[in-house]
1. Please count how many residues of the stretch 392-411 are surrounded by fewer than 23 Cβ atoms within 10 Å (Cβ to Cβ) and either closer than 15 Å to I319 by Cβ or modelled with pLDDT under 90 (or both).
2. Condition (residue is over 20 Å from I327 (Cα atoms), in contact (Cβ under 8 Å) with a residue 24 or more places away in the chain and either crowded, with 21+ Cβ neighbours inside 10 Å or touching a Lys or Arg at 6+ places or on another chain (Cβ under 6 Å) (or both)) applied to the stretch 66-81: is it met by at least one residue?
3. Limited to the stretch 156-174, what total is found for residues that are touching a residue at least 12 places away in the same chain (Cβ under 8 Å) and closer than 30 Å to S344 by Cα?
4. Where residues in the stretch 1-32 are assigned to a loop (DSSP other than H, G, I, E, B) and among the aliphatic types (A, V, I, L, M), which of them is surrounded by the fewest Cβ atoms within 10 Å (Cβ to Cβ)?
5. Does F267 fit the bill of being within 22 Å of F74 (Cα to Cα), touching a residue at least 40 places away in the same chain (Cβ under 8 Å), of a type outside the set (V, I, T) and part of a helix (DSSP H, G or I)?
6. What about I327, is it modelled with pLDDT of 90 or more and within 23 Å of S244 (Cβ to Cβ)?
7. Out of all the residues in the stretch 345-391, which are basic (K, R) and closer than 27 Å to Y95 by Cα?
8. Quick check on my filter: what residues within the stretch 270-313 are charged (D, E, K, R) and either under 30 Å from F123 (Cα atoms) or in a helix (DSSP H, G or I) (or both)?
Amino acid sequence: MIREDFLCLTPLMIIAGAPVIMMLFIALKRNFKIIYGISLVAFLIAFISVFFILPSIPDTISPVFIFDGFTVMFFGIIILASLLVTILSHRYLLYQESEREEYYIILFIAVLGSLILSAASNFVTLFLGIETLSISLYVLIAYRRSRRNSVEAAVKYLVLASVSSAFLLFGMGLIYLNTGALEFSKISLLLRSQGYSTPLLLTGFSMMLVGIGFKLALVPFHMWTPDVYEGAPVPVTTFIATVSKGAVMAVLLRFFYAIQGFRNHNFILLITVIAILTMFIGNLLAIRQKNLKRILAYSSIANMGYLLVTLLTGTKDGIYAAVFYVISYIVTTLAAFGIITLFSGKDNDADQLDDYAGLFWKRPWIAIVFTLALLSLAGIPATTGFMAKFYIVYTGIDSGLWILVISLVINSVIGLYYYLRVITKLFSPANNLAFPSVSFEDKLILCLVTIIILWLGINPEGTIHLIALYSGF
């Protein structure tokens with residue numbers, strides 16, 4: 001058993017060990033290329049090590065970690081997405097006025113927090129993972145400290161994240177007071193025998209929802225999102241929108257299905273209201289935006305509302321739909337923010353709609369990739385975004401969640417408006433703006449995500465089968 005435990009912890013140890021190696025190199029001599037190379041190698045080795053876990057699962061390191069197919073699936077998603085963010089960050093960091101090497105150290109710590117969340121089976125590891133992730137994000141958001149917006153965004157995130165963590169911790173305390181347990185499985189057993197009727201218990205769950213809702217930018221805990229997305233460096237915004245939210249969604253799915261929250265009418269009512277508000281407010285506020293990062297910020301809020309539908313299905317198909325949606329959303333968002341990263345310079349990020357006017361006439365293939373990413377976010381057929389929403393609608397109808405399904409369809413139509421507004425700008429008459437050249441590695445990433453967006457949109461069966469094979473818990 002010790003051998004299996006050690007093997008399952010390998011990705012975590014690699015991700016945790018990489019920053020130590022980087023600090024040793026920095027202590028000897030600063031060299032950005034070496035640190036970048038170590039980052040790539042560490043992520044590649046960590047990703048490969050995920051496959052070596054498969055013969056050892058399911059395995060439990062009681063009482064803190066659980067390693068099953070669901071954990072392994074999210075390990076692979078998080079590490080691969082972090083690798084792509086690392087590559088996209090390289091060119092952007094060349095414009096950084098001060099030290100660049102520390103960026104990757106902090107990024108690895110944030111990824112470590114995300115992996116801990118994915119494997120958490122206990123309130124202690126849940127809180128440890130969220131705080132490791134959040135504290136790293138404070139620093140990453142303000143990394144380009146010469147920009148006023150970056151520091152302002154970091155302070156806003158720091159204050160609001162601290163408050164949300166207090167709610168989360170207090171909620172855990174109330175649940176422990178009622179159940180005497182910290183492990184998800186033990187809490188589930190006690191709830192099945194005692195029920196959910198205790199007022200303090202319901203208060204505890206509600207306070208936990210405030211903490212987790214902040215991390216996922218659910219309404220009404222979403223206010224930080226547009227300002228942080230706009231003020232943070234573009235690669236950091238990419239990380240927050242993809243890896244960070246994917247990890248929090250992973251632990252939310254595991255915990256909610258463990259306690260069978262979909263059987264409690266109070267939870268059903270609360271999550272239904274939050275999901276509908278999140279969809280409508282996210283999409284309606286996005287319509288008014290002219291800043292591309294803010295548009296994608298409100299879009300991400302709406303997307304988290306769509307994902308909440310899977311919590312209430314209470315079926316394995318709901319879990320599969322959630323995992324597929326997370327994969328689709330991460331890939332599509334990487335494409336969209338990746339292009340913004342490529343065009344961002346030393347003084348300003350390319351986050352205004354006018355920055356992309358006439359892009360098709362100067363960089364046609366990048367405009368096509370960007371268009372494809374936006375159409376996928378809108379849920380247009382032949383893209384992975386369409387299939388992801390289709391599976392959520394299918395599981396929602398199968399579970400009788402008609403109000404949520406109708407809200408999802410209406411909001412998909414609303415979202416199409418502001419996505420098309422961006423697309424029409426790409427194909428508008430060319431202006432005098434000069435678009436920078438794109439490196440080979442960046443072209444490779446854009447080609448990879450484009451292939452995935454189309455492949456999952458046209459032939460999703462293989463991925464769904466893989467998710468069904470490994471995503472049970």
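The values are calculated or read from the model by the stated rules, or taken from the named source; none is laboratory data. Fair warning: this is a prediction, and the values are worked out from it, not measured in the lab. When we count neighbours, we look across all protein chains shown, and the Cβ atoms used for this are built from the backbone with ideal geometry, even at glycine.
1. Result for the stretch 392-411: 4.
2. Checked against the condition, which is being over 20 Å from I327 (Cα atoms), in contact (Cβ under 8 Å) with a residue 24 or more places away in the chain and either crowded, with 21+ Cβ neighbours inside 10 Å or touching a Lys or Arg at 6+ places or on another chain (Cβ under 6 Å) (or both), the stretch 66-81 yields at least one hit.
3. Selection size over the stretch 156-174: 5.
4. My answer is M1.
5. Criteria not met by F267.
6. Values: modelled with pLDDT of 90 or more: yes; within 23 Å of S244 (Cβ to Cβ): yes.
It is true that I327 is modelled with pLDDT of 90 or more and within 23 Å of S244 (Cβ to Cβ).
7. Hits for the stretch 345-391 are K346, K362, R363.
8. First, pick out the residues of the stretch 270-313 that are charged (D, E, K, R): 288, 290, 293-294.
Residues satisfying the conditions are K293, R294.
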